[in-house]
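A.B. asks: Quick one: the structure is below, and I'll ask about it shortly.
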Amino acid sequence: MEQLFVTESTEETQEIARKIALKLEQGTTICLYGSLAAGKTTFTQGLAATLGIKRLVSPTFLIMREYPVTGHPVIRTFYHLDLYRLNSVEEIKAFDVEEIWSDPSNLLVIEWPEKFLEILPQDRMDIHFKATAENQREIKIRD
Ligand SMILES: Nc1ncnc2c1ncn2[C@@H]1O[C@H](COP(=O)(O)OP(=O)(O)OP(=O)(O)O)[C@@H](O)[C@H]1O
Ligand SMILES: [Mg+2]
């Protein structure tokens, strides 16, 4: 199924993330595509806040950050992975991503998945972000 949204503020983008988080029955892999400042981390903050995570910061320099989740029946851990600085499949596998995405108690959110599509799980949600004006973003969700 594909859905298209247009948001006019960070809050509206996070509200879409909130609706998605509330629908999650278990952990999955959510891939966020789009150029710099398209809204991927902003969206991730909306997902995280809905799952009770107080402060999610961009993982760019650390590549991956991990947060405990307490308020969900199945999801126990939220992983936020930013592949912007990685260049090889070996580098990403060193983060034990296969173990993470095969466990339904994990929610894995990936920014910059473009370079690694061939190793990502088939069973995932793809979300594309596009800046269409200074404060406007087009968000296309496919699951
Ligand atoms: N409708 C909107 N939705 C989301 N962000 C918006 C919107 N309008 C303006 N912005 C601004 O766009 C920027 C989005 O930054 P964000 O860090 O979320 O992007 P990103 O896609 O994660 O970029 P990067 O690839 O650098 O990680 C923020 O400064 C935010 O305030
Ligand atoms: Mg980001």
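A.B. asks: Looking at LEU56, LEU51, can you tell me which residue is touching a His at 6+ places or on another chain (Cβ under 8 Å), among the hydrophobic types (A, V, I, L, M, F, W, C) and within 13 Å of ligand 2 (Cβ to nearest atom)? Break it down into steps so the answer makes sense when it comes.
C.D. replies: Working: LEU51 fails: within 13 Å of ligand 2 (Cβ to nearest atom).
Going through LEU56, LEU51 in turn, just one is touching a His at 6+ places or on another chain (Cβ under 8 Å), among the hydrophobic types (A, V, I, L, M, F, W, C) and within 13 Å of ligand 2 (Cβ to nearest atom): LEU56.
A.B. asks: Find the residue count for the range 114-143, including only residues that are free of Cβ contacts under 8 Å to residues at least 40 places away in the same chain, surrounded by 15 or more Cβ atoms within 10 Å (Cβ to Cβ) and of a type in the set (Gly, Ala, Ser).
C.D. replies: So in the range 114-143, the residues free of Cβ contacts under 8 Å to residues at least 40 places away in the same chain come out as 115-119, 122, 133-134.
Of the ones still in play, those that are also surrounded by 15 or more Cβ atoms within 10 Å (Cβ to Cβ) are 116.
Restricting the remaining residues to those that are of a type in the set (Gly, Ala, Ser) gives none.
The qualifying residues number 0.
A.B. asks: If you don't mind, another one. Looking at ILE16, ILE53, ILE30 in this structure, which one is in a strand (DSSP E or B), in contact with a strand residue (DSSP E or B) (Cβ under 6 Å, 6 or more places away or on another chain), of a type in the set (Val, Ile, Thr) and under 27 Å from GLU138 (Cα atoms)? Show your work before the answer.
C.D. replies: Details: ILE16 fails: in a strand (DSSP E or B); ILE53 fails: in a strand (DSSP E or B).
Exactly one of ILE16, ILE53, ILE30 is in a strand (DSSP E or B), in contact with a strand residue (DSSP E or B) (Cβ under 6 Å, 6 or more places away or on another chain), of a type in the set (Val, Ile, Thr) and under 27 Å from GLU138 (Cα atoms), namely ILE30.
A.B. asks: Within 14 Å of ligand 2 (Cβ to nearest atom), modelled with pLDDT under 95 and surrounded by 15 or more Cβ atoms within 10 Å (Cβ to Cβ), is that true of ILE63? Steps first, answer last, please.
C.D. replies: Details: within 14 Å of ligand 2 (Cβ to nearest atom): yes; modelled with pLDDT under 95: yes; surrounded by 15 or more Cβ atoms within 10 Å (Cβ to Cβ): yes.
Yes: the conditions hold for ILE63.
A.B. asks: Report, by residue number, each residue of the range 18-57 that is on the phi < 0 side of the Ramachandran plot and within 10 Å of ligand 1 (Cβ to nearest atom). Outline the logic, then answer.
C.D. replies: From the range 18-57, those on the phi < 0 side of the Ramachandran plot are 18-33, 35-36, 38, 40-51, 53-57; that's our starting set.
Within the range 18-57, LEU32, TYR33, SER35, LEU36, ALA38, LYS40, THR41, THR42, PHE43, THR44, GLN45, GLY46 meet the criteria.
The values are calculated or read from the model by the stated rules, or taken from the named source; none is laboratory data. Every value quoted in this text rests on a predicted model; they were computed, and no experiment measured them. Using ideal geometry, Cβ is built from the backbone for each residue, glycine included, and neighbour counts are taken over all protein chains shown.
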